[in-house]
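J.: One structure follows; several queries about it will come next.
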Amino acid sequence: MTGPADLSGVPRAGVLGRLSPAWTTFVVVDAILVVTFFVLLVMQLVNNPPGGGVAAPEPTVSSSVDPEPETTPEPTAPAAPEENQELTAFVLPSGNIWCSMTETSATCTIGSSTYVLPTTPADCTGAVGRVFSVTAAEGATLPCVDAAPVRPEGAAVLEYGQASTIGEMTCYSSKNGATCRHDPTGAGFSVARAGYTIL
């Protein structure tokens with residue numbers, strides 16, 4: 001009676017058939033690792049093309065973009081808030097404009113501006129156009145200053161939309177700069193990074 005054929009001595013076909021089970025497992029695992037490497041490489045090239053570095057995010061469009069603060073001076077003095085502060089010295093939130101006040105005068109200085117400075121008068125050894133002043137007696141002027149203006153340390157911040165009144169003088173802080181005026185006459189000035197206006 002013939003039984004099942006004994007195939008133990010028959011060589012198995014193919015390359016894997018000639019390997020031991022341990023070597024077969026080793027080759028299969030290596031093949032999986034190589035395929036995984038190439039898949040990851042392709043994904044990397046698709047997401048980060050060569051020469052382009054990291055792809056820049058798409059720009060988003062905002063419906064309410066705030067302009068750079070203090071770019072354009074006020075054409076007229078802003079409306080006064082319900083309650084004015086009483087600050088004899090203050091700085092705007094940008095830190096670029098600072099002012100001092102008395103009962104009959106107000107002076108503001110701008111640190112950085114983009115406007116062309118006015119012509120320096122012959123009797124001025126410094127420059128004009130960085131400091132602005134208004135007094136009860138003289139109205140608005142651009143004083144001649146010899147040294148670069150220095151922002152005072154520790155001055156209070158007058159937030160945008162707020163005002164300070166000392167005696168006859170009122171100064172306003174807004175995103176359009178600083179505006180100071182002599183209340184009885186309306187004489188004054190407005191100064192911002194991009195320009196100034198004499199009221």
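J.: So which residues in the range 123-154 are in a loop (DSSP other than H, G, I, E, B) and among the hydroxyl-bearing types (S, T, Y), if there are any at all?
T.: T125
J.: OK, next. Here is a check on your reading of the model: is S174 outside the structural domain of G186 (by TED's automatic domain parsing) and modelled with pLDDT under 95? Don't jump to the end; show me each part of the working.
T.: Details: outside the structural domain of G186 (by TED's automatic domain parsing): no; modelled with pLDDT under 95: yes.
Judged against the criteria, S174 is not a match.
J.: From T107, T120, T165, T170, which residue is assigned to a loop (DSSP other than H, G, I, E, B) and surrounded by fewer than 22 Cβ atoms within 10 Å (Cβ to Cβ)?
T.: Matching residue, one of T107, T120, T165, T170: T120.
The values are calculated or read from the model by the stated rules, or taken from the named source; none is laboratory data. Predicted model only: the values in this text are computed from it and were never measured. Cβ atoms come from the backbone with ideal geometry, glycine included; neighbour counts cover every protein chain shown.
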